Amino acid sequence: MNLQSIILLSIILLVAAIVAYRYIRRQKRNGGCGSCNCSCNCNNMCKTVILALIALASQSTAAQQPALIPYPSKVDIRNAKPCIIRNTLQISAPDDLAGEAAYLAALVPQHCKTTISHSPKADITLRIDSSLTASQEQYTLSVTHKGITISGASPHAVFNAVNTLDQWILTKATTTKHGTSIPPVEIQDTPRYRYRALMLDPARHFLPIPAIKRYIDEMARFKFNILQLHLADDQGFRIQITTHPELTQGQQHYTQDDIRDLITYAASRHISIVPEIDIPGHTYAILRNHPECLCRNVDTTSWGRRLRTDVMLCASAPQVYDLCSDILNQISALFPSPYIHMGGDESFISTNWGQCPRCQALKAQLGYTRDDQIMEYFFSHFWDMLRAKGKKPILWVEMDNIRPPATRYLFPYPQDVTLVTWRSALTPKAVQLTAASGNQLIMAPGEHCYFDYPQYKGDLPETNNWGMPILTLQDSYQWDPGYPQLNQPDEHIIGVMGTLWGEAICDINRAFYMTYPRALALAEAGWSTPDNRQWDSFRTRIYPILSHLMHRGIPFRVPFEIGK
Ligand SMILES: [Zn+2]
């Protein structure tokens with residue numbers, strides 16, 4: 001409760017007390033309640049008391065929403081005896097939830113011993129409940145004086161419930177002489193969206209595998225389930241392609257074994273890794289070793305001596321399609337994720353394809369009238385190959401303009417391509433175009449989801465922020481990914497993604513600092529229902545969560561401005 005609310009509530013209670021005092025005095029004087037004056041005063045007093053109760057109730061709703069992020073669908077706090085956990089915590093779980101039981105045991109404070117068994121008398125029972133059918137991630141969590149029961153539609157759902165329980169214990173439990181006392185609660189929960197992602201960019205600044213694992217640990221706590229890795233850009237090509245060792249030569253990169261290890265680790269946290277190989281723009285790291293894949297008009301006199309961000313793969317060079325097919329084949333085999341991101345953004349079409357004699361001949365041959373139509377030809381080389389492998393391609397959505405007004409897609413995206421909206425101010429158009437064309441849509445609008453943007457004016461030296469606009473915690477929180485204000489269909493919106501473009505993110509500590517607390521806001525946008533999301537509640541709930549991030553040694557920006 002803030003100072004304003006306390007003052008308001010105090011005034012209401014003071015007025016109620018004065019009215020009650022006058023009423024009682026009048027009652028004593030009149031010896032009963034029969035006169036006209038008295039009934040008027042009775043009404044006034046009732047109104048005042050009701051107002052006070054409403055104010056109290058509305059304030060306490062915000063104040064009493066427990067510090068759970070993302071906020072669950074339904075939280076019913078019981079006024080009953082607490083659950084007492086003594087020195088040894090006993091967890092009961094079937095074999096197919098052994099991983100979730102081990103994860104729970106690892107979250108419990110170190111001074112408390114844990115045992116995992118099938119004992120029906122355990123303190124915490126984990127189980128699969130096939131009657132939970134709202135989603136694969138639906139769960140219930142029950143804390144009573146008899147013990148704690150977690151039921152989930154799947155192991156992933158049970159894992160989500162364990163993270164909710166962890167937050168409940170961290171923020172609500174107290175230590176008593178009998179043991180740890182956990183207040184009773186009944187929680188029912190299921191996500192709003194199935195795709196809840198963060199994106200790291202090791203292409204710009206390499207991030208070692210242990211650092212990414214640490215990042216995954218924190219994502220999982222807040223129910224993110226996708227990590228997109230931007231593995232190739234102008235600055236670097238970071239993943240081993242066994243048939244093309246030249247692509248990664250002399251650069252820090254991940255071997256395929258590194259990636260397998262990371263995928264396994266992420267899977268233990270129910271996080272799927274979506275690889276991104278950005279083509280046909282953002283490809284200097286490829287072109288540096290493959291000049292035969294360049295457009296004919298490109299001046300290569302300073303080639304290899306300075307970074308180029310304005311070159312593209314030539315659409316008419318057959319070597320381009322052989323090389324990209326090799327890369328995408330190996331990526332498809334390596335990553336179990338059904339999704340493969342192929343970029344498709346920020347290509348300098350007019351200065352590459354638009355001025356390349358080979359690409360212009362191709363354009364004429366295909367009967368195209370615009371250079372951007374060549375994009376359709378370029379990507380058509382890969383769709384069938386990916387479909388045959390059961391993969392779903394993702395692209396950053398591009399239109400005929402980079403800011404409003406835009407009227408159409410840059411080129412006709414096939415219906416089975418999932419698109420990501422990202423350019424600031426173009427999301428309403430993206431929602432409209434995807435709804436009309438049947439493409440699924442992931443929401444990463446720059447004005448809410450670009451976590452490489454500075455969080456506050458002057459927060460970090462501007463040279464490191466390279467002139468990007470400010471994106472405050474409140475900007476990250478106050479939006480509805482369903483964009484109800486557009487009155488457009490939103491069933492095709494599958495989720496949200498926070499992006500950390502890596503130009504100024506030189507290590508994982510900086511990545512954490514830029515991610516939190518804004519990712520807490522995004523976690524709630526992706527998971528919680530709109531009626532459970534209020535800024536005043538959120539800005540109160542984040543404090544215990546931030547305190548525990550600090551205990552775990554996770555860097556984050558203190559959002560001092562929201563305490564004003
Ligand atoms: Zn060309």
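Bear in mind that the values in this text are calculations on the coordinates, not laboratory data. Fair warning: this is a prediction, and the values are worked out from it, not measured in the lab. Ideal geometry is used to build each Cβ from the backbone, glycine not excepted, and the neighbour counts take in all protein chains shown.
So here's what we get for this one:
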quantity	calculated
Proximal charge balance of T309 [Cβ under 15 Å; K/R count +1, D/E count -1]	-4
Helix axis angle, 374-388 relative to the chain longest principal axis, alpha carbon, degrees	70 degrees
Dipole of the chain, positive direction: furthest Cα of N532, S135, A364, with charges on the beta-carbon	N532
Principal-axis tilt of helix 3-30 within the chain, Cα atoms, nearest 10 degrees	20 degrees
Förster radius 41 Å - calculated FRET efficiency between D166 and T255 (Cβ-Cβ, nearest 0.05)	0.75
Label zone at D322 (point 7 Å along Cα-to-Cβ), backbone N below 15 Å, the stretch 253-292	290-292
Projected label distance in nm at R403 and Q432, using a 7 Å step from Cα toward the beta-carbon	1.8 nm
Net dipole in debye of the stretch 74-189 [+1 Lys, Arg Cβ; -1 Asp, Glu Cβ; about Cα centre; nearest 20]	640 debye
Stretch gain in nm, segment M468-E186, where the contour uses 0.36 nm per residue and the Cα spacing is subtracted	97.1 nm
Set of the stretch 102-146 residues, backbone N closer than 19 Å to the point 7 Å along the Cα-Cβ line of K81	121-125, 142-146
Cβ-based charge dipole, the stretch 195-532, positive-most Cα from Q319, T300, L395	Q319
Radius 12 Å from Cβ of Y71, net charge of other residues (Lys, Arg +1; Asp, Glu -1)	+2
Rough spin-label spacing in nm, given labels placed 7 Å along Cα→Cβ, for M550 and N329	5.4 nm
Total charge dipole magnitude, the chain, about the Cα centre, Cβ charges on Lys, Arg, Asp, Glu only, Debye to nearest 20	2880 debye
Residue-count net charge about L500 - beta-carbon cut-off 11 Å; Lys, Arg +1, Asp, Glu -1	0
Inverse mean reciprocal Cα-Cα distance (Kirkwood Rh) of the chain, Å	26.5 Å
Student exercise, the stretch 234-382 dipole from Lys, Arg, Asp, Glu Cβ charges, in Debye to nearest 20	220 debye
Degrees separating the helix 209-221 axis from the principal Cα axis of the chain, which is the longest one	40 degrees
Low-density loop positions, GluC sites (Glu not before Pro), the stretch 489-560 - DSSP coil, at most 13 other Cβ in 10 Å	E491
Above-threshold pairs, the threshold being 22 Å between Cα atoms, out of K81/K177; K74/K121; K172/K223; K113/K177; K74/K223	K74/K121
Distance in nm between pseudo-label sites at T243 and H381 (7 Å out along the Cβ direction from Cα)	1.3 nm
Rounded to 5, percent antiparallel among DSSP beta bridges of the chain	35 percent
Likely footprinting exposure, D261, D189, D76, D95, fewest C-beta neighbours within 10 Å first	D95, D76, D261, D189
